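For reference, the structure is listed below as structure tokens.
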Amino acid sequence: MKHWTENDFQKWLYGLKEEDAHLQTCSECRTEMERLRLARRRTFAAPEVSEDFLAAQRRNIHNRLNHPNRNFAPLRWGFSVAMLLLVVVGLTLTPFRKSPVALTNDEQLYSDLAAMEQTSEPKAIQPLHRLFEK
Amino acid sequence: MMGAMADRLEVSLDRGASTREFGAWMTSEQKRIFLLCKRMLQDIGEADSATQDTFVKAWQALNRPESKELDNPASWLTRIAVNTCLDRLRSRRWQFWRKRPAPEDEETILRLAPSDGPSAEDRIFAAQIGDRLESALDKLSLRQRAVFALRHYEDRSLAEIAGILELDVGTVKVHLFRAIEKLREELHDLYFRDRGTK
Ligand SMILES: [Zn+2]
């Protein structure tokens, strides 16, 4: 007569093995089965959860039910992504805009060109001369 | 036992369930759902968020115009909780920086249930093995963990678990079998430590 092994009992405890003919006749295995049934019941003793904690959790849930969007992460993410896109698009477009100053200030350009024609050396040299003036 | 407690609640949550009805139902299910999330996620803070998410999702689903009457609200809620936890566990794989919860936080929230059965010493020892078993759930795949948690802690039948996880019973058996194999050492200490070897 082969007794049930620990492995057999574990499977039985979790519903993976049915009682068989051996168990009907073997008092030793039946005793073990009863012991395990009690041990199993003890494992259900759930811990106490603090009432304050549960009450706070319920308040949070009620808040979320009353203000469904407040904790809605996708909305927050959506907003952040939209802002980021706006910045990226803004930065991308900026270099292609021509400067309005350069286009409209033609008079300044013509007077600079005229001044360059009247002097024999480049305008950029002038500050160097000033260094040696007394 | 806790699963049975939930099943006894004949909650009729029809369309447009009032906040008060929902609140009462939530109070009756809250601890069970929180502990299930705690066991799945092994993190008090995450379990708290997952429990909140579960009830918010349940409320939203119940208030959808196309929502149907529920045959078994407890199982339906359990499915939402398990899926919420599985989603969190999947995204956690990428969170290498995740902070582990401080044990003292846990102690202020969870305490040993008073019992007139075994001695205080035995209960403390049982709690230690229980903690070890909970930590060992990390060894399981996500599906194995869900199946084992529902079977071990909620004592649900294999058919019920199959219904909750939307799997067939054969698949549930395979997951459970593998889970038990991986937890062999912890389960041995939980059930057979005091027994003389056969
Ligand atoms: Zn025997």
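All but one of (1) open to solvent by 50 Å² or more (accessible area, probe 1.4 Å); (2) at the interface with chain B (Cβ under 7 Å from one of its Cβ atoms); (3) part of a helix (DSSP H, G or I); (4) within 14 Å of the ligand (Cβ to nearest atom) hold for A:HIS3, so report the exception by its number.
(3)
To keep it simple, each residue is scored yes or no on (1) farther than 25 Å from B:GLU134 by Cα; (2) assigned to a helix (DSSP H, G or I); (3) facing chain B (nearest Cβ under 8 Å).
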{"site": "A:ASN7", "(1), (2), (3)": "no, yes, no"}
{"site": "A:TRP12", "(1), (2), (3)": "no, yes, no"}
{"site": "A:GLU18", "(1), (2), (3)": "yes, no, no"}
{"site": "A:CYS29", "(1), (2), (3)": "yes, yes, no"}
{"site": "A:GLU34", "(1), (2), (3)": "no, yes, no"}
{"site": "A:PHE44", "(1), (2), (3)": "no, no, yes"}
{"site": "A:PHE53", "(1), (2), (3)": "no, yes, yes"}
{"site": "A:ASN60", "(1), (2), (3)": "yes, yes, yes"}
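Any idea how many residues of segment B:54-73 are more than 9 Å from chain A (Cβ to nearest Cβ), open to solvent by 30 Å² or more (accessible area, probe 1.4 Å) and in a helix (DSSP H, G or I)?
Adding up the residues that qualify gives 1.
Within segment A:18-40, can one find any residue that is more than 16 Å from the ligand (Cβ to nearest atom), within 30 Å of B:ILE161 (Cβ to Cβ), open to solvent by less than 50 Å² (accessible area, probe 1.4 Å) and modelled with pLDDT of 95 or more?
Within segment A:18-40, not a single residue is more than 16 Å from the ligand (Cβ to nearest atom), within 30 Å of B:ILE161 (Cβ to Cβ), open to solvent by less than 50 Å² (accessible area, probe 1.4 Å) and modelled with pLDDT of 95 or more.
Six or more apart or on different chains, Cβ under 7 Å: which pairs go from a residue in segment B:51-71 that's in the same structural domain as B:THR19 (by TED's automatic domain parsing) to one that's part of a loop (DSSP other than H, G, I, E, B)? Could you list them?
Between residues of segment B:51-71 that are in the same structural domain as B:THR19 (by TED's automatic domain parsing) and residues that are part of a loop (DSSP other than H, G, I, E, B), the close pairs are B:ALA61/B:SER67; B:LEU62/B:LEU13; B:LEU62/B:ALA17; B:ASN63/B:GLY16; B:SER67/B:ARG15; B:GLU69/B:ASP14; B:LEU70/B:LEU13.
Is there a residue in segment A:60-70 that is surrounded by fewer than 16 Cβ atoms within 10 Å (Cβ to Cβ), within 16 Å of the ligand (Cβ to nearest atom) and free of Cβ contacts under 8 Å to residues at least 40 places away in the same chain?
The answer is no, given that none of the residues of segment A:60-70 is surrounded by fewer than 16 Cβ atoms within 10 Å (Cβ to Cβ), within 16 Å of the ligand (Cβ to nearest atom) and free of Cβ contacts under 8 Å to residues at least 40 places away in the same chain.
The values are calculated or read from the model by the stated rules, or taken from the named source; none is laboratory data. In this text, all values refer to a predicted model and were calculated from it rather than measured experimentally. Quick reminder, even Gly has a Cβ in these numbers, built from the backbone with ideal geometry, and neighbours come from all protein chains shown. Quick note on the areas: whole protein, heavy atoms, side chains included, nothing else; ligands and nucleic acids left out. Shrake-Rupley method; radii C 1.70, N 1.55, O 1.52, S 1.80 Å.
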